[in-house]
Amino acid sequence: MQTQTHMKNITHKYGIGLLALALANFNLLAQEDGEKATSELKPLNVIGAQTEAPTLSSGLKTSLPAESLPKSLSIMNADQIKAQGLKSVGDVIDYTPGVINSQGEGHRDAAVIRGMRTTQDFYRDGVRDDVQYYRPLYNIEQVEIIRGPDALLSGFGGAYGLINRVSKQGKIGEDFLTLSGSIDTFGETSVQLDKNLNLNESSAFRVNMFMDNLENHRDFYYGDSFGINPVVNYDLGDGSTLHLSYEYLDQERFIDRGIPTANGKPVEAYKNIVFGDATENFSTHEAHIFRAIFEHDLADSLNGRLAVSHSSHDKLYQNIYASGYTAGTSVVTIDGYKDTTKRSTGILSYDVSGEFETGSLVHNITAGIQYLDTDNDNDRYNTNWDQTNDDNEVFNISRPLNLTGGYGVNSSGNATFNQGYTGANSALNDRTFAEIDVLSFYLNDEISITDSINLLLGVRFDDMRFDVVDAKTAANSGDDRDFTTSPRAGLTFDITNEAMLYGAYSETFAPKAGDQYAKLGSSDSKLDPNTFENIEFGIKYDLPVGLTMNAAYFEVQANKPVLNGDGTSSEQESETTGFELQLTGNLSEKWYLTAGYTSLDAKDKDGNRLKEAPENVFSIWNNYLVSDRLAVNLGIIYQDESYLKSTSAGSPELPDYTRVDVGASYALTDNTTLGLNIENLLDELYFPHSHSTHQVSVGAPINAMLSITSKF
């Protein structure tokens, strides 16, 4: 751990240095000939009256525009992300209907989509990105969040939806440099660089880079992140393009698992206490990610798309956290573990898409094949306390938590622990080596029956092989193979030029190995995979006031086969029904608004509400252009109470909360914009999410972030 402080200081110095360098150059570069700048940066120059209708990326296997698809989806582009001061995928989720954040144990993105927690259903340019880590936004053009099961896009997983990040690409014919820096009231700093270089008339090079030095409101916290993503785009002529991308990520951060509950609520008196250790709670992640996309014209109305990706991730996280607490006492039970994952994934896919007519019908067809190969090595060690020789120990509660004050300390007066690399005190929990191979075929047909009626039909066939070797318990080694067929169908009807009705049905499946492929149960190979069925009805309507309304009613049925004691199987079922409403657009030439509301009824087969499934969630964000140089914004998030366990009333729950965010941006020059974003303006104490009963996250008090962006 001695490298942590060293790397933190180095990164902090480099971050401050780069921020200072950027600021020093802003005025100098702004004084250069204005004609050298490719564009002027004004407040939110693509938010408001100049906003264009959002479009889905090519990796999502559809030729239809977003507003014509029979499904619920949200698209947030980089300009809105910048305007709102959003720094993570989780921040984007906060303003997305149908989706809420989960804690992710303090070291990964985790979303609850229509009542289903997932760490798997993340994508980048339509390519699976399922390792557990926090995904940065420095190189992202937009974030697409699609709700409802749909295996045509995801193959396995995607139980209730998926989140796709779309990468920035090189722009042929343009030269520009964008520098950004920010600092908040906790002391967190971030710098970003975006440079596009036109190489010649048919190619461009672009590089995005960022460095973060993380701080927050808790007793102790730290984090350092670095990422660089060079890309090259080639126009090969005759309708052919090639996109090459390489990304390197190096991340380290403190893990905070939150505070305990008592009498069904978070213990507010402990809001400032980190139930962990300043040096032993941390996560590291290093990644190398390569992608290549080749698109070409096969004929006048036929296109091909070849996508190749390879990623390698080296992830470690270790932490101690509160595992038990009794109301009215001053002691807490502490547990912990260390977990490592090394994952290498290669994905190869080829799509052919085109338009043709059969009689009076017009078909837009996409047909493709995909092969995925993943090697996943995982191990976990339980924390081993000296006194108990177990992974649980009781400590006095103090601020910060005093881990040398435990009950029954050892002869040295310390309740030390061993995270278990080697040696007699190692407490190996499991060690597995898994291989996953998936071969998929898919076909999608978007049929124009009349000018106002469109039919969507699709099907995907997957052959999935899962092989795991358990190095600790050989009896748990085994293999599983599933052949699945996942259909989808949708019908749209244009009532008028402004209004469309739709109905849709879709399915997907999830392997028994779970989100992260770490284990295969002894009976899993005898069971079918988990399946998810979705029925959805909705309306998309361009309102006369300038807003686009998307409203949907949905039902999701989850079926999870389990093996009974007599060798037969039965299904554990849960059902989620709900309503989503989204409004996006311009109330006037100066006023841009986006709002979302979700009503959710998520229950298991016994009628108990599912955890992390609040009944009502609402968000709204307003951006108003006061003048050509000044824009202001206002955001409000409301979330109902939710259970920490999938059980009946009376179980621990997170209280409801309302958070108010405000901000402003001001164009200092034609090139440089200053931004100020204030989060939690009313300074409400709130608890946004939790991983388990005694691991409740504490929301940040009122805080502000100052940012500056300049483009040349």
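Each reported figure results from applying straightforward, stated rules to the coordinates on display, with no laboratory input. Please read these numbers as outputs of a predicted model, since none were measured by experiment. So basically every Cβ, Gly included, is an ideal-geometry build from the backbone, and we count neighbours across all protein chains shown.
Computed from the mean reciprocal separation of all distinct C-alpha pairs, what Kirkwood hydrodynamic radius does the chain have, in Å? Could you put the intermediate results ahead of the total?
Details: mean 1/r = 0.0371 Å⁻¹.
One decimal place: 26.9 Å for the Kirkwood radius.
Using every alpha carbon pair in the stretch 298-359, what percent of pairs falls into each 10 Å bin from 0 up to the bin containing the largest distance?
Distribution as computed: 15, 20, 16, 14, 13, 11, 8, 2 percent.
Mean separation of Cα pairs under 8 Å and 6+ residues apart, divided by the residue count of the chain: what relative contact order is that in percent?
Details: 2028 pairs, mean separation 95.2, N = 712.
Relative contact order comes out at 13 percent.
With the alpha-carbon atoms as the only input, what is the per residue convex hull volume for the stretch 292-334 in Å³?
On the way: hull volume 5.6 nm³, N = 43.
Cα convex hull per residue, to the nearest whole number: 131 Å³.
Once every DSSP H run of n ≥ 4 in the chain is given -39500 (n - 2.57) and the sum is divided by its residues, what mean residue ellipticity at 222 nm do you get, rounded to the nearest 500 deg cm²/dmol? Don't skip to the answer; put the middle values down first.
On the way: 4 runs with 46 residues, N = 712.
Value at 222 nm, helices only: -2000 deg cm²/dmol.
Can you tally the net charge around R124? Count Lys and Arg as +1, Asp and Glu as -1, for every other residue whose Cβ sits under 10 Å from the Cβ of R124. Please list the in-between numbers first.
Numbers: positive: R128, R135, R165, R291; negative: D125, D129, E247.
Surrounding charge for R124 is +1.
Excluding same-chain residues fewer than 8 positions from K71, which lysines have a Cα within less than 30 Å of its Cα?
Output for K71: K61, K82, K87, K168, K512, K540, K560, K590, K603, K605, K611, K645.
Above 16 angstrom, tally the Cα pairs of the stretch 83-145 and express them as a % of all pairs, no decimals. Write down the numbers at each step before the final one.
Working: 821 of 1953 pairs.
Of the Cα pairs, 42 percent sit more than 16 Å apart.
Restricting things to alpha carbons, find the Rg to Rh ratio for the stretch 290-394 using the Kirkwood radius for Rh.
Details: Rg = 26.3 Å, Rh = 18.9 Å.
The Rg/Rh ratio comes out at 1.39.
Largest first and to the nearest Å, give the Cα extent of the stretch 75-181 along each principal axis.
Taking the Cα atoms of the stretch 75-181, the three principal extents are 43, 29, 24 Å.
Just tell me which aspartates and glutamates come within less than 15 Å, Cα to Cα, of K526; anything on the same chain fewer than 8 places away is out.
Reachable aspartates and glutamates: D467, D479, D480, D482, D566, E571.
Using the Cα gyration tensor of the stretch 607-659, with a ≥ b ≥ c the square roots of its eigenvalues, what is the shape: rounded (a/c below 1.5), prolate (a/b larger than b/c) or oblate (neither)? All intermediate terms of the calculation are to be shown ahead of the outcome.
Details: a/c = 6.22, a/b = 4.41, b/c = 1.41.
Here the stretch 607-659 falls in the prolate category.
With the crude spin-label approximation of a point 7 Å out along Cα→Cβ, what separation in nm comes out for Y248 versus L298?
Simple spin-label model gives 3.8 nm for this pair.
So for each of 256-267, 167-178 I average, over its residues, the number of other beta carbons within 10 Å; can you give me the resulting order with the highest mean first?
Numbers: 256-267: 21.2, 167-178: 16.8.
My ranking of the peptides, most packed first, is 256-267, 167-178.
Scale the Cα Rg of the stretch 277-316 by the rule-of-thumb value 2.2 N^0.38 Å and send over the ratio, two decimals.
Details: Rg = 19.6 Å, N = 40, 2.2 N^0.38 = 8.9 Å.
With N residues counted in the stretch 277-316, Rg over 2.2 N^0.38 Å equals 2.19.
In nanometres, what is the gap between the two model label sites at T340 and L630, each 7 Å from Cα along Cα-to-Cβ?
5.7
Could you tell me what % of all Cα pairs in the stretch 531-658 have separations over 22 Å?
On the way: 4426 of 8128 pairs.
Here the tail beyond 22 Å accounts for 54 percent of pairs.
Let me know the shape class of the stretch 467-512, please: from the alpha-carbon gyration tensor, a ≥ b ≥ c as square roots of the eigenvalues, rounded when a/c is under 1.5, otherwise prolate if a/b is greater than b/c, or oblate.
On the way: a/c = 8.79, a/b = 4.63, b/c = 1.90.
Prolate.
Please list 435-442, 600-607, 671-678, 69-76 highest first by mean number of surrounding beta-carbon atoms within 10 Å per residue.
Output ranking for 435-442, 600-607, 671-678, 69-76: 69-76, 671-678, 435-442, 600-607.
Among the lysines, which have Cα under 20 Å from the Cα of K338 when same-chain residues fewer than 8 positions away are ignored?
Counting by Cα, and skipping residues close in sequence, K338 has these lysines nearby: K315, K472, K519.
How much length is gained if the chain between A489 and I449 is pulled fully straight, taking 0.36 nm per residue apart and subtracting their Cα-Cα distance, in nm to one decimal?
Values: separation 40, 0.36 × 40 = 14.40 nm, distance 1.44 nm.
Using 0.36 nm per residue and subtracting the Cα-Cα distance, I get 13.0 nm.
For S202 and E533, what does the FRET efficiency come to when R0 = 41 Å and r is the distance between their Cβ atoms, rounded to the nearest 0.05? Walk me through the numbers on the way to the answer.
On the way: r = 47 Å, r/R0 = 1.15.
For R0 = 41 Å, the calculated efficiency reads 0.30.
Could you tell me the convex hull volume per residue, in Å³, taken over the Cα atoms of the stretch 179-279? List each step's numbers first, then the result.
Details: hull volume 13.7 nm³, N = 101.
Considering the Cα atoms of the stretch 179-279, their hull volume per residue is 136 Å³.
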